[in-house]
Structure formats: C-alpha cells, structure tokens
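The block underneath contains the structure these notes are about, expressed in structure tokens.
The values are calculated or read from the model by the stated rules, or taken from the named source; none is laboratory data. Keep in mind it's a predicted model, so treat the numbers as computed, not measured. Using ideal geometry, Cβ is built from the backbone for each residue, glycine included, and neighbour counts are taken over all protein chains shown. Quick note on the areas: whole protein, heavy atoms, side chains included, nothing else; ligands and nucleic acids left out. Shrake-Rupley method; radii C 1.70, N 1.55, O 1.52, S 1.80 Å.
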Amino acid sequence: MSKASRYGRNTIADKLFLLGELTLLVLSSLLASYAYSYYLSPVSFEHRLINAALFAASVMLCALSVGLYDQKLREGQKGIIKRVVITLLFNAILLELIIFQLFSVLHIGTLYLVAASVLSAISVSAFRAFFHYNDITRISRRRVLILGAGERASIIERRMRRNVDKRNFEIVGFAPIEGDKDAGIAEHKLAKFDYKNDLYQYVVEHNIDQLVIACDERRNMLPVEHLFKCKTRGIDVIEILDFIERETGQIAVNLIYPSWVIYANGLDLNQRFKTNLDYKLNVVLALLLLAVTWPIMLITTLLIYLEDGRKTGASVFYRQIRVGYDGKPFYIVKFRSMRPDAEKNGARWATADDDRVTRVGRIIRKYRIDELPQLMNVLSGDMGFVGPRPERPEFVNQLAKDIPYYNQRHNVKPGLTGWAQLKYPYGSTAEDAQEKLKFDLYYIKHRSLMLDLMILVRTVEIVLFGKGR
C-alpha cells in the first residue's frame, strides 16, 4: 500500500480511537446487563448482546450530535466530561422514551441503563484523557514538506498554527522556491536546499510523506522530473487548495484560479435531480419537527406578544427578503427578536451583542428558536434543512462585488443550518462573510445525503451550546 493511499480523513489513530471507545461502550453495557441479570432478573446473553450493540450505537450517535467527534474540538478535560455526561443523558432519553417504547421486547430495565451510563461516563472520560494526554495521533501523523515560502505558503502558516489544526500532519519545513514573495515565514521554519537538483534526495532523507505545491510562481520553477519521481515512489503530491480543503473543511477562495474551478471534482451536481429528491425529504423532516416543536413555538409567540407586541401592535413574526436558489428573492419568516423600529435607519449587520435585540429575542436567537417559523419556507420549497444561510439582497450585492465567487453559494437552496454554521462562529462583517463562503463552497463541492445528515446531527451541538449563527 502506498503512503498516499493512507491519507483519508480517518487516520490510523482515529480508527484506534473509535474502536477503543466502541469497545468500552459495549463492555460497559455487557457488565451492567450481567450485574442486572445476576442480581435482579435473568437476561439471556443474546438479549444482552443486542442491547450492548444498540447502546453503543446510540451513544456514538449522541456523541456526534454534541461535537465529541469533532477533530477540531477545543475543550479542556472539564469540557469533555461535561459533553460526555450530556451525551449519556441524551442517550438515556433516546433509548427510554423512543427506542424501548417502539421495541419494548428489547428493554432490560431502567437500572441497567443507569449502570451502563455510569460505567460509560467513567471509562470513556478516562480513555479520552489518556488518549489525548499521550498524543496517540502522532503514530499516524504524516510528514509534510511545503514547496513554497511566499504569500501562498504563508496562508498554511497563518491558518494552521494550533496543534489541533495539525493533528494529522507535521510540517517539516517550507522550501523557498524561485519567484516566491517575502511573506515573513520564520527562518527556522525554512527548508533550504537545492530543490531543483536535490528534491527527491531531501524527501527520502527526511522521510517526507506529502509534498504541497504552494509556490507563488509555478511556470518553469518546479522540478517536474523530481516531482514525478516522488509521485511514482508513493509520495503524495498535492495542490495547496486541495491541502487546505482536506485539512480545514473549507475552500480558500483567495487562492482559487479559473482552471481549478473547471477541473475540480465535485462541482458538477445534477441540481434538478437533487432538488426534487431534497424537497420530499425536507417536507417529511419539516412536518416531524413541527409536530415536536409546536409547544415551543406557541410559548414563544405568547412571550413576544407579552413583551412588546400588545403595546406596539407589532407582529410576532418577521418577514424579510432574502436571496435564494439561483439568486431569486423570497420572503423568509422568523420570530421577531428585535424591536419593531430596529431598522428605522436602514439595513445593517446583526451583531452578537446587538442592542436592538429584545430580552425574549436574545434567548430565542441564542438557541435558534427564532428560526423555527422557517419550516414554512422549507414546506414552500424556498429553503431546505441544510445549505448556505440566505443573505439579504442589500448585503449580497456588495459582497458579490468584493468577494470572488460569492454568487456561487446560490447554486444550491439556502438552508436552516449548514456547514459554515458548524465550522465558524457568529459573523457580522464582510470578512466573516468571506470566511463563511469558504465553508459554503466546500459544502457545495462535497454535497451528499450523508453530509447533510451529519450536519443535521451536529446542529444539535449548535443549538445546545448556543454556538454559531
């Protein structure tokens, strides 16, 4: 197997981590069910085994929903333990109130579930602490040489400074290439050698796994024969755009060149087919969510009315023009979270601590309750559950002028949630819009049913911890 074939998103360390956690969850369930069977009521081994598999799968799904499998998760040990406890509480609710109600024959007992949850909390927290304290990821961390030390290469240096950003690789150095502009990369990080004559020898001597082409000028500057030799020897050779996309989950719009857009895989979506398929799935999901959240929506309506609606006569709901699929405008529906006169001086960006937000509005905005009426937009076909967040025409017109490829985000339907909402915090400036566009383009390129489902599951984390927007 070549080195290049091992560079999927799931490294050896990731697989070991998942296998270890799965094993602990299964063992916790089996031990709890054995104790229940021994002291309280006999349970067959087959029954216990089925419950162990169900328990482990359910816990891992809940862990995904609260961000415990996010490779970029920045939490201390206390934060990890808190998320583990929340995961197990969600799991207990899911099993007791839904799964075991539908399939009562699988139910062993509430005490079993409590015991399995306690054992899992202790074992999983200890395992995660051991895994991260000993930095197990280093066993599969690939060694990377950046060919370039100019402006393009410096983007890697700036965006991947933290250890969590480099958990899958180690940068051996930046090799200056003729034609590079001075970008201020530190001297000790430069790999100085005769790249035109000694590239292959350097790669072998330093056990390089991957070469990233990141030079400012490529015409007649790169040693093509050496790169070809590296490629045929199993060394991965990759463009900086693809490297950033793989490691950060975004597309660097400031590095895109026209030929990349034309030849890049994943951008040739059959949108008509996907739109028809998505609409049916979105309608089903919207109806299910309406059935679950209507009490919350009713309470929210009452609270908004009592706070200022009865005094001012303002509507509880707020309709606003947004830009949708193919650049067509539509009216978005939300719970009103700002004062009725919030835009008396014209449209402006909403900010994290906006003084126009009401007391009720601050709460419903934090936990995304204000977005629930947009289920009507989903049912009408203007929006989907997953996609780029729709923006106002006033802002779109300016952003399209200032940011390359901004209008490409309108090639798919806007959504209630999206990849950018998972990956980027609250944004209220043009710079934030450009950062979110990088994630939106990644989503458009890699859009699939599985990615949509993953985003929906992970949105639980956004709602629960009041993150993003």
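When the inverse distances between all different Cα atoms of region 22-86 are averaged and flipped, the Kirkwood radius reads 13.2 angstrom. Per-residue ellipticity at 222 nm, computed for the chain from helices alone with -39500 (n - 2.57) per DSSP H run of at least four residues, works out to -16000 deg cm²/dmol. A Förster radius of 25 Å, combined with the Cβ-Cβ distance separating Tyr331 from Phe103, puts the computed FRET efficiency at roughly 0.05.
Just checking my list (1) 184; (2) 229; (3) 138 against volume of the Cα convex hull per residue in Å³ computed from this structure; which label fits? This structure yields the entry labelled (1). Legend: helices of the chain (whole DSSP H runs) are marked when their alpha-carbon atoms reach 15 angstrom or more along the helix axis and their mean Kyte-Doolittle hydropathy is at least 1.6; marked are 449-465. Per residue, region 31-71 exposes 50 Å² of solvent-accessible protein surface, assessed with a 1.4 angstrom probe and all protein chains in place.
Annotation: the antiparallel percentage among DSSP beta bridges lying fully within the chain is about 30. Once the 1.4 Å probe is applied to the protein heavy atoms, region 92-155 comes out at 50 Å² accessible per residue.
Take the alpha-carbon positions of region 1-131, form their convex hull, and give its projected area averaged over all directions (one quarter of the hull surface) in nm².
Over every viewing direction, the Cα hull of region 1-131 projects on average to 9.3 nm².
Across q = 0.15, 0.19, 0.22 Å⁻¹, region 77-196 modelled as identical point scatterers on its alpha-carbon atoms has Debye log10 I(q)/I(0) values of -0.79, -1.01, -1.16, in the order of the q list.
At 1.4 Å probe size, with the rest of the protein present, what percent of the exposed accessible area of the chain is carbon and sulfur atoms?
60 percent
Working from label points 7 Å from Cα in the Cα-to-Cβ sense, the Arg359 to Val457 distance is 4.0 nm.
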